[in-house]
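To start, the structure under review is shown below, and the notes come after it.
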Amino acid sequence: MGPRRQCQVCNEAQSKYKCPSCLAPYCSLVCFKKHKEIPCVKPVSSEEKSTTEPVLRVERPYYVDEPSEVLQKLPLESIASSSEICDALKNEDLQKLICNIDCSPHAEKELEKAMEIEAFRIFTDKILSTISSASSCS
């Protein structure tokens with residue numbers, strides 16, 4: 001465990017707790033009540049709060065041979081809103097597999113290896129069926 005931070009209210013004691021709203025460190029109930037006299041908010045930029053749509057960020061450029069194979073907005077949204085897919089993504093082993101594929105310079109080989117794992121195959125089947133049902137709606 002890292003070094004304890006000082007209470008931001010009294011600046012004397014070490015903080016044992018963090019404010020659930022703004023994550024400010026505090027040491028006691030007395031300091032927490034004092035801290036709460038002034039309304040506080042989560043440290044999130046106002047721009048991020050106003051957007052209700054999920055933001056898809058691509059951190060690096062991607063190159064494709066077939067532009068037609070890149071998913072359009074509707075199939076991407078249907079994947080993002082699928083509770084089945086979101087639940088599957090809570091699996092840490094699956095997260096690691098996806099990260100390994102994404103970070104690998106030989107992504108296709110990593111993908112082939114991952115397809116041998118049943119949990120990953122089931123996950124990709126869910127994505128493909130979600131995409132095909134979204135495509136048939138448009």
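In this structure, residue 114 does satisfy being in contact with a Phe, Trp or Tyr (Cβ under 7 Å, 6 or more places away or on another chain) and either modelled with pLDDT of 85 or more or farther than 30 Å from residue 14 by Cβ (or both). Considering region 39-68, and only residues there that are loosely packed, with under 10 Cβ neighbours inside 10 Å and at pLDDT 70 or above, the residue that is farthest from residue 103 (Cα to Cα) turns out to be 39. Residue 87 meets the stated requirement of being at pLDDT 70 or above and surrounded by 10 or more Cβ atoms within 10 Å (Cβ to Cβ). The requirement of being surrounded by 15 or more Cβ atoms within 10 Å (Cβ to Cβ), among the hydrophobic types (A, V, I, L, M, F, W, C) and at pLDDT 75 or above is not satisfied by residue 80. Residues of region 13-34 that are in a loop (DSSP other than H, G, I, E, B) and either free of Cβ contacts under 8 Å to residues at least 12 places away in the same chain or of a type in the set (A, V, I, L, M, F, W, C) (or both): 13, 19, 20, 22, 23, 24, 27. Among the residues of region 21-38, those that are loosely packed, with under 15 Cβ neighbours inside 10 Å and more than 11 Å from residue 8 (Cβ to Cβ) comprise 21, 29, 30, 33, 36, 37, 38.
In region 92-138, the qualifying residues are those that are of a type in the set (Gly, Ala, Ser), in contact with an Asp or Glu (Cβ under 9 Å, 6 or more places away or on another chain) and assigned to a helix (DSSP H, G or I), and the one that is nearest to residue 72 (Cα to Cα) is 134.
The values are calculated or read from the model by the stated rules, or taken from the named source; none is laboratory data. Since this is a predicted model, take the numbers as computed values, not measurements. Glycine also receives a Cβ, built like all others from the backbone with ideal geometry; neighbour counts cover every protein chain displayed.
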